[in-house]
Amino acid sequence: MSQTVLVLGGTAEARELAAALDRRADTRVISTLAGRIARPRLPAGEVRIGGFGGPEGLASYLAQESVGAVIDATHPFAQRMSASAHAACARATVPLLRLERPPFRRRPGDDWRRVATLEQAAAAIPAAGRRVFLTTGRQGLGAFADIGGAFFLVRCVDRPEAPLPADHVLLLDRGPFKLGGELALIDRHRIDLVITKDSGGEHTEAKLEAARRRGLPVIVVARPPRADSPAVATVAEALAWLAGDAHAG
Ligand code: NAP
């Protein structure tokens with residue numbers, strides 16, 4: 001029997017999952033993207049771009065497209081979309097699975113300082129460093145705008161809208177990033193502090209290895225809390241869930 005699977009995307013895992021499902025004759029896969037990135041990497045299969053208008057809009061969409069299961073494979077920091085999926089799937093009684101990559105792993109030699117928010121990361125800068133490699137992404141950069149006395153190398157995929165700190169260099173680039181490139185950036189800009197979200201994933205972890213090699217502290221912003229729902233860490237586990245548990249309830 002054919003089933004429609006909705007993949008809430010914007011991550012490498014979401015694209016990998018969509019590619020696997022798109023190869024199946026018995027599955028219709030629809031991936032959704034927020035539409036924030038100018039030139040997104042598009043997943044295989046059908047793609048829907050733009051928000052749903054909150055949980056009500058998503059619940060209506062699930063009914064309209066006869067969606068049989070939802071995989072929330074959004075970024076670990078996409079808190080609103082995940083909350084919306086949780087509410088909409090409960091309302092529409094559609095099974096929901098969270099596909100979330102594991103957090104970054106701390107290794108011997110790491111000097112990590114964990115904080116809960118971007119604002120706390122900004123407040124921690126003066127005591128931790130003066131030349132900051134800021135890799136937290138385009139959203140929320142406003143938290144750093146008023147931090148004086150520090151230089152920022154700001155890296156994100158698209159040009160940010162928020163005001164940036166006075167002394168900065170903006171680097172528009174997207175992963176995967178390699179160790180050699182990260183070391184070269186750290187050396188060229190005489191970086192003494194790295195700031196990252198705890199996004200996890202291989203595509204962006206080279207900066208952590210680079211910081212370790214140069215003996216630099218890293219401020220790590222913790223993942224936001226999320227609603228309790230079944231969760232897996234790999235695409236293979238998500239496929240197994242679709243084949244079994246998604247139909248159990
Ligand atoms: P968010 O704050 O959780 O979402 C804000 C709103 O954008 C949602 O309420 C929803 O609008 C819409 N939206 C978000 N993700 C969507 C998706 N995959 N498909 C359809 N609509 C979506 O999310 P965000 O942090 O802005 O992230 C936006 C997208 O970028 C996500 O797809 C995420 O996977 C990706 N991303 C985020 C980060 C990050 O650091 N936050 C990093 C890399 C990639 P409605 O309420 O109208 O449905």
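The values are calculated or read from the model by the stated rules, or taken from the named source; none is laboratory data. In this text the structure is predicted, and so the values were computed from the model without any measurement. Positions of Cβ are backbone-derived with ideal geometry, glycine not excepted, and every protein chain shown enters the neighbour counts. Note: areas computed on protein heavy atoms with side chains; ligands, DNA, RNA excluded. Shrake-Rupley method; radii C 1.70, N 1.55, O 1.52, S 1.80 Å.
Some points to look at:
- Across the range 177-204, the number of residues qualifying as open to solvent by 80 Å² or more (accessible area, probe 1.4 Å), within 30 Å of Ala34 (Cα to Cα) and either among the polar types (S, T, N, Q) or in a loop (DSSP other than H, G, I, E, B) (or both) comes to 1.
- Subset of the range 79-114 [over 12 Å from the mean Cα position of the chain (by Cα), assigned to a strand (DSSP E or B) and within 15 Å of the ligand (Cβ to nearest atom)]: Leu96, Leu97, Arg98
- Within the range 1-38, tally of residues that are more than 10 Å from the ligand (Cβ to nearest atom), out of contact with any strand residue (DSSP E or B) (no Cβ under 8 Å at 6 or more places or on another chain) and more than 15 Å from Ala246 (Cα to Cα): 7
- Restricting attention to the range 1-16 and to residues that are assigned to a helix (DSSP H, G or I) and of a type in the set (Gly, Ala, Ser), the residue that is surrounded by the most Cβ atoms within 10 Å (Cβ to Cβ) turns out to be Ala14.
- Residue match in the range 43-56 (condition: at positive phi, near the ligand (Cβ under 9 Å from one of its atoms), modelled with pLDDT under 95 and under 21 Å from the mean Cα position of the chain (by Cα)): no
- Looking only at residues in the range 119-162 that are open to solvent by 40 Å² or more (accessible area, probe 1.4 Å) and in contact with a strand residue (DSSP E or B) (Cβ under 6 Å, 6 or more places away or on another chain), the one that is modelled with the lowest pLDDT is Arg138.
- Across the range 154-207, the number of residues qualifying as away from the ligand (no atom under 16 Å from the Cβ), charged (D, E, K, R) and under 28 Å from Glu13 (Cβ atoms) comes to 2.
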